[in-house]
Amino acid sequence: MEKMVREGQDPTSPVIQLKGVNKWYGNFHVLRDINLDVMRGEKIVICGPSGSGKSTLIRCINALEEHQEGQIIVDGTELNRDLKNIEKVRREVGMVFQQFNLFPHLTVLENCTLAPIWVRKASKKDAEKVAMEYLERVRIPDQADKYPGQLSGGQQQRVAIARSLCMNPEIMLFDEPTSALDPEMIKEVLDVMIELANEGMTMICVTHEMGFAKTVADRMIFMDQGQVVEEATPEVFFNNPESERTKEFLGQILIH
Amino acid sequence: MEQKMIPAREPPVNSRGILGWARENLFASPSQSLVTLALLYGLYLFIPPFWQWAVMDASWTGSSRSDCTTEGACWAFVTARLDQFIYGFYPDSEIWRVNLFFAQLAVVLGWLMIPRIPGKKMALVIGLLVLPVTSWLILTGSLLGLPPVETHQWGGLMVTLVLALYGMLASLPVGVLLALGRRSSMPVVRTFCTAYIELWRGVPLITVLFMASVMLPLFVPEEIVFDKLVRAMIGIVMFQSAYMAEVVRGGLQAIPRGQVEACQSLGMGYWQSMLLVVLPQAIRLVIPGIVNTFIALFKDTSLVLVIGLFDLLSIVQAGLNDPQWLGSAVEGYLFAGFVFWLFCFGMSQYSQRLEKH
C-alpha cells in the first residue's frame, strides 16, 4: 500500500472543502449551509435520521448530485459544471454504495480492472495484478473468476471496496455500506474498512454502525434536516453531546 | 423436538412412462379429454390429405404446368425457376459471386451459432464490419475489377437477404443511438430523437418505401439520386431503427441507476459507462424484442415489391404470370412462405440459445 500522503502536497491543508453548500430537490431544501473541511488521512463518520441529507452530502463530494450554491473543492479541484473537473475528482474519490452496484455481467476480476484499464489506461496485465492484490486484502482472491450474483452480500460489498481501491483513490466515500447486509456479514465488511482506516486512507462514512464509529472516527458529524447539527470527537459526541436532537437520536439508536 | 438433523433425500420420482404422462397431461379430466380428441381429429382431417397432395401425388420436375399431374402439387414450377428465385436476373456467368456472398454469410453465421467454434468476438466484428463491405463489393463488382452488375439485375432470395442483412446491421446501432438520445439530458438531442421515433413509427412502411422511390427523386437533384435498392434499404433502416430504439430503450430503463453511478464514481465517462456497462446488460435483457424486430424486418422486406424491386416474394409472384405456369399460385406462395419461415424460425431458435447464455 503506498503512502496516502503523496509528495508535493501540503498535509496541513484540507483535502476536501465545503463552503456554504446548499442544495434543493425542487422546493425541498435538502442541504443547508454546509461548511466542512476534511484533512488528509482524516476519518469522518456522518450519522443522522433518514432524510437528513447525509447521503446527499457525500454524493455531492463526487458530483453524483449537483449542489446549487456554495463551493466544493476536492484536492484543489473545484466541482462546477466543467465535466473535466468532475471526472478528475471522481478518479481520485472512490465510493462504496449501499447496494454494492457491482457490474453483474462482469466477473469479480473484470469488475476490478474495468476502470483502471479504460480510465487509467493501465495494461490488462498490470490492472489484473493490482486487482488481485486488493482482492487479497479484502480476503476474497479465490472468488476472482465468479460473477457478483454468485457471491454473498458481504463478499459483494468487499469486492465493491476492492473495485474502488483499484483506482488508487485519495479519498473513500462510504454510503451506508452495511445497511443492505445480513447481520452476520456486517463484521467482515467493517473489518476491511477498519483496516483501510488504519492504513491512513481519508474516509467519509455515512453509517449507523456506532461501534465502528467509535473505533475509527476522528470526528463525528450529526445531521438533521439538511444541516450539520453537531460536530465533535467521538468521546464528546457519544458521552457529552451538546444538542438535544443529538441526544435524542443517540438515545434511539443506542438503547437496545 | 428432533435431536438429529434430517438427512437430505432424493426427490420423489414422478415420471411414469408415456401412458402416465398422457393420462396426466392429455386426459386428466373429461373436458380435457374432449379437447384433446377434437384437436387430434382436426389434425387427422388436415395432415394426411395435405401430405398426399404435397408429397405423394406431387410432380417435382417439368417445364410447364402441363407436365404436372392434376391431383398433386406442381413443385415443377419451383424447381424449374429455382435459379431465378434465388439469383433474380443476375447474369449467369457471374452467379458465382452471389454464391460467394451466400457462402460468406453461411460461414459467419455458422461461426456465431455453433458453440464449439471459438472466437465469437472475432466473428461478431467480421459479421458487423467486414461482411457488409465485402458483400457489397462482390455483388456490385465494379471496384474489384469485376464486370459491374447493376442492382436492377438483382432479384429473388439474394435481394431479400441483402435487404434484411443491411437492414438488421444498420437498424440495431441506429436504434441504440436513438434510444440513448431519447434518454439524453440534452434537450435538443432528446427532442430530436423522440420526434424521429414518433414520426417513423407512425408511418406505414409502404408509405416510407413509396416516398423513398417516388418522392425522393422529385426533391433531390438528379446527379445524387442513388440506386433504387439503396433507397429502399435506407427507408427500411429509417423505419425499423425507430422500432429498435423503443425496444432498446425498454432495456435501458430496466438497468438500475446505481450501475451508472458506480461507473461515474470510478471516473468513467458517458460513452464508457454506456458501452461497457449499461448496453451489454440492456441488450441482453431485450434479445427477444430485438429478434422480434429482426423477424418483422425480414418479412417486411417483401414490401419492396410495391416499388418494383424483385425480392423473393415478388419474383415468385412474377413467375405466376408466365402463361406456361398459370395456376401455380398455391405452390408458389407456399414455397415463398416456407423460405421466409425457415429463416425466421432459425433466427428465433438462435435467439433462444443466446438468451440462455
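Answer yes or no: is there a residue in the stretch B:275-286 that is over 30 Å from B:MET215 (Cα atoms), in contact (Cβ under 8 Å) with a residue 60 or more places away in the chain and open to solvent by less than 40 Å² (accessible area, probe 1.4 Å). So far as the stretch B:275-286 goes, yes, one or more of its residues are over 30 Å from B:MET215 (Cα atoms), in contact (Cβ under 8 Å) with a residue 60 or more places away in the chain and open to solvent by less than 40 Å² (accessible area, probe 1.4 Å). A:SER152 passes every criterion in (1) more than 14 Å from the chain's Cα centre (by Cα); (2) open to solvent by 40 Å² or more (accessible area, probe 1.4 Å); (3) more than 26 Å from B:GLY267 (Cα to Cα) apart from (2).
Taking the criterion of being aliphatic (A, V, I, L, M), in contact (Cβ under 8 Å) with a residue 12 or more places away in the chain and within 21 Å of B:CYS263 (Cβ to Cβ), the residues of the stretch A:64-90 that qualify are A:LEU64, A:ILE72, A:VAL74, A:LEU79, A:ILE86, A:VAL89.
For the criterion of being open to solvent by less than 30 Å² (accessible area, probe 1.4 Å) and either under 19 Å from A:ASN62 (Cα atoms) or more than 14 Å from chain B (Cβ to nearest Cβ) (or both), A:GLU92 fails. Within the stretch B:290-301, being without any contact (Cβ under 8 Å) to a residue 60 or more places away in the chain and either surrounded by 18 or more Cβ atoms within 10 Å (Cβ to Cβ) or under 10 Å from B:LEU163 (Cα atoms) (or both) holds for one residue alone: B:ILE295. Restricting attention to the stretch B:178-188, the residues that are part of a helix (DSSP H, G or I) and surrounded by fewer than 16 Cβ atoms within 10 Å (Cβ to Cβ) total 2. Taking the criterion of being among the β-branched types (Val, Ile, Thr), open to solvent by less than 50 Å² (accessible area, probe 1.4 Å) and touching a helix residue (DSSP H, G or I) at 6+ places or on another chain (Cβ under 7 Å), the only residue of the stretch A:208-252 that qualifies is A:VAL216. What's the total number of residues in the stretch A:57-72 that are in a loop (DSSP other than H, G, I, E, B) and either at the interface with another protein chain (Cβ under 10 Å from one of its Cβ atoms) or within 16 Å of the chain's Cα centre (by Cα) (or both)? The number of residues fulfilling the criteria is 4. Give the residue that is farthest from A:MET95 (Cα to Cα), with candidates limited to residues of the stretch B:248-284 that are facing chain A (nearest Cβ under 7 Å) and of a type in the set (Gly, Ala, Ser). Restricting to residues being facing chain A (nearest Cβ under 7 Å) and of a type in the set (Gly, Ala, Ser), the top hit is B:GLY269.
Could you list all residues from the stretch B:1-36 that are in a helix (DSSP H, G or I) and open to solvent by 100 Å² or more (accessible area, probe 1.4 Å)?
Quick first cut of the stretch B:1-36, residues in a helix (DSSP H, G or I) only: B:17-25, B:30-36.
Residues satisfying the conditions are B:ILE18, B:LEU19, B:TRP21, B:ARG23, B:GLU24, B:PRO30, B:LEU34.
For the condition more than 14 Å from every other protein chain (Cβ to nearest Cβ), touching a helix residue (DSSP H, G or I) at 6+ places or on another chain (Cβ under 9 Å), touching a residue at least 40 places away in the same chain (Cβ under 8 Å) and closer than 18 Å to A:MET172 by Cβ, what is the one hit in A:ILE34, A:ILE46?
On the way: A:ILE34 fails: closer than 18 Å to A:MET172 by Cβ.
Only one candidate passes the filter, namely A:ILE46.
The values are calculated or read from the model by the stated rules, or taken from the named source; none is laboratory data. This structure is a prediction, so every number in the text was calculated from the model and none was measured. Virtual Cβ from ideal backbone geometry, glycine too; neighbours counted across all protein chains shown. Calculation scope for accessible area: heavy atoms of the full protein, side chains included, ligands and nucleic acids excluded. Shrake-Rupley method; radii C 1.70, N 1.55, O 1.52, S 1.80 Å.
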